[in-house]
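To keep things clear, I will list the structure first and then write my remarks on it.
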Amino acid sequence: MSKILKGTILLTAGTFLSKFLGMIYTVPFENMVGTEGTDLFSIAYVPYSILLSLSSMGVPVAVSKFVSKYNSLGDYETGRRMLKAGMTLMSITGVLAFLMLFFSAEQVALLTVGEESERLSQATMVIQMVSFALLVIPPMSITRGFFQGNESMAPTAVSQVVEQIVRIVFLLVSVFVIVQVLQGPIPKAIGFATFAAFIGGIASCIVLYVYWKKRKPFLDQQLHAQEYTYGLSNKDMFKELFTYAGPFILVGIATPLYQLVDQFTLEKAIKASGLDYNNAFSIINFLSHKLIMIPVTLGLGLSLALLPAITQSFTKNEMNRLNHQINQALQIVALLIIPAVVGLSVVAIEAYATFYGVDEVTYRGNLLRWYAPVGLFLALYTVTSSILQGINKQNFAVVSLGTGIILKITLNWWLIQMFGAKGAIIATGIGVAAAVILNFWRIFTSIEFDYKPLFKRTLLVLILTTIMAITVILVKWIFGLFLEPANNRIDALVVLVFSIGIGGLVYMWLTYQTTLLEHILGGRVRVLDKFLKRR
């Protein structure tokens, strides 16, 4: 198995587990606070996510590229100096971002909920509570970037999982105590729920410190063994770093920017059209988003593991290897994410009912059905943007994201007026798809990329996914003869488990029998020979 694939699997597993935990906790959380509580919660997290990316200025992932580049040139000292200087910079920008969000919370709340005094004060409070996380996340995340630049994915994977576990435990316990034990107000519970991000960040810092103490002797050996250093000054280091870093901001804030457009327009546009709001913002951008992030995470993990290897191949001008790595990365996206989002769209009603209950499940589940395919475009945008960064075309991300956001802003109000809440999803899909198409165009015109293997295998994935989808529909129909998943949560769970289970097995068997799995993932899939016999 190639080193890139090992790194992909490890980082993707950690990120996937982190996102899975981030999805699961929403079940008891939503049950305790309702959609009104989740709406308030999501209002705080969107501006926080944007400022989190801005406070790090794209540096953490850019550090991964910077360190990887100089390591490939045998200069380990420059990477270590960058870590030290970057930690100082991230600490300063984190404090500035905290102050900015904390003191602008009321204005952000005003733009979101209007002048309704009670809801305005509630939104202001939860935004201020989440702002404390900005004090610790930026300097913590740059350490992850340093480890990834050294092609060490375990620290990032483990720290992500620990951060999520600690955050979720604190969140659920505090909400339970306030709502169930003390019978306190929901907004106060939501405030503590957002503060959990700060507690999780502290836990992640502790994990990374342990890894640093463990890995430092080996890193010191590399440092002492090097024969040459470029001797860059801090000014030169940061100048080069910022040429990488700018577009990383765009990748980090892409999804929150689309959500911010919804945050400022969705409720107002729906009410202006005479429809009921029904907390549509949190249903789409929090509850449904948590579900689609499971397949999207596969793309996110891939993009993070992909960047150092692509950077090294490009730096060494190994174009055949670079072509193979990009092809492999995009084929993995097609292999894993296309069936995942299609499957989620098919079982949307059952999935929403299982996780969040059957209340208005037809309306809410249909929003998830429309939103699920957007997950593919979100994953592709992240991966293609990482590829652009790896081949030094990162500035084009400004063009692609800008185009997508302009389309979202232009179409959002109009489509919401036409289609209700689904219009916001359609506008997001159009915007992200346009950004992905532009990224692909830039990649294909920047290097001699052989797209034929990608095209052929993606076409096969689409055919096999269609067969899988038909299988899932048949399973749903059979169980629907004696179960009512739209009216009973247990029935929905049964239908969901069997539909996903049988559909997943069919898809895996088809990809194995057609040798698609082996061609994309390599010879290690032959372990399946023990269980499956290829015809």
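The C-beta contact set for the stretch 406-433 (first residue under 14 Å from ALA269 (Cβ atoms), second residue of a type outside the set (A, V, I, L, M, F, W, C) and outside any helix (DSSP H, G or I), distance under 6 angstrom, 6+ apart or interchain) comprises GLN417/SER273.
Scanning the stretch 115-144 for residues that are free of Cβ contacts under 8 Å to residues at least 40 places away in the same chain and not in a helix (DSSP H, G or I), we see that the one that is farthest from SER233 (Cα to Cα) is GLU116. When ILE443, ILE500, ILE473 are checked against the criterion of being touching a residue at least 40 places away in the same chain (Cβ under 8 Å), assigned to a helix (DSSP H, G or I) and under 30 Å from LYS393 (Cβ atoms), a single residue qualifies: ILE443. Checking each residue in the stretch 139-186 for being open to solvent by less than 60 Å² (accessible area, probe 1.4 Å) and on the phi > 0 side of the Ramachandran plot picks out only GLU151. Could you list, in sequence order, all residues of the stretch 224-280 that are small (Gly, Ala, Ser), assigned to a helix (DSSP H, G or I) and over 30 Å from the mean Cα position of the chain (by Cα)? Matches in the stretch 224-280: ALA225, ALA272.
Could you list, in sequence order, the residues of the stretch 105-138 that are open to solvent by 30 Å² or more (accessible area, probe 1.4 Å) and touching a Leu at 6+ places or on another chain (Cβ under 9 Å)? Hits for the stretch 105-138 are GLU106, LEU110, ARG119, GLN122, GLN128. Here the condition is being closer than 30 Å to ILE406 by Cα and surrounded by 13 or more Cβ atoms within 10 Å (Cβ to Cβ); of LEU483, LEU460, LEU438, it holds for LEU438 alone.
Give the residue that is most open to solvent (accessible area, probe 1.4 Å), with candidates limited to residues of the stretch 446-457 that are in contact with a helix residue (DSSP H, G or I) (Cβ under 7 Å, 6 or more places away or on another chain) and part of a helix (DSSP H, G or I). So the residue we want is ARG457.
Scanning the stretch 415-458 for residues that are of a type in the set (Phe, Trp, Tyr) and either over 25 Å from ILE253 (Cα atoms) or at pLDDT 95 or above (or both) yields PHE419, PHE449, TYR451, PHE455. For the stretch 383-397, the tally of residues that are modelled with pLDDT of 85 or more and open to solvent by 10 Å² or more (accessible area, probe 1.4 Å) stands at 1.
Tell me, which residue of the stretch 85-94 that is farther than 15 Å from VAL61 by Cα and not hydrophobic (A, V, I, L, M, F, W, C) is surrounded by the fewest Cβ atoms within 10 Å (Cβ to Cβ)? Checked the stretch 85-94; the qualifying residue surrounded by the fewest Cβ atoms within 10 Å (Cβ to Cβ) is THR88. Annotation note: Cβ proximity below 6 Å between a residue of the stretch 187-198 that is farther than 15 Å from MET32 by Cβ and open to solvent by 10 Å² or more (accessible area, probe 1.4 Å) and a residue that is part of a helix (DSSP H, G or I) and aromatic (Phe, Trp, Tyr) (sequence gap 6+ or interchain) occurs for PHE198/PHE132.
Kindly check whether there is at least one residue in the stretch 193-206 that is at pLDDT below 85 and either in contact with a strand residue (DSSP E or B) (Cβ under 6 Å, 6 or more places away or on another chain) or in a helix (DSSP H, G or I) (or both). No, that holds for no residue. For the stretch 350-361, which residues satisfy the criterion of being β-branched (Val, Ile, Thr) and either in contact with a Phe, Trp or Tyr (Cβ under 7 Å, 6 or more places away or on another chain) or modelled with pLDDT under 90 (or both)? Those that are β-branched (Val, Ile, Thr) and either in contact with a Phe, Trp or Tyr (Cβ under 7 Å, 6 or more places away or on another chain) or modelled with pLDDT under 90 (or both): VAL358, VAL361.
Within the stretch 430-437, does at least one residue satisfy the condition of being touching a Gly at 6+ places or on another chain (Cβ under 6 Å) and among the β-branched types (Val, Ile, Thr)? Checking the stretch 430-437: at least one residue is touching a Gly at 6+ places or on another chain (Cβ under 6 Å) and among the β-branched types (Val, Ile, Thr).
The values are calculated or read from the model by the stated rules, or taken from the named source; none is laboratory data. Everything quoted here is computed from the prediction, not taken from an experiment. As a convention, Cβ positions derive from the backbone with ideal geometry for all residues, glycine included, and neighbour counts pool all protein chains shown. Side chains included, ligands, DNA and RNA excluded: accessible areas come from the protein's heavy atoms. Shrake-Rupley method; radii C 1.70, N 1.55, O 1.52, S 1.80 Å.
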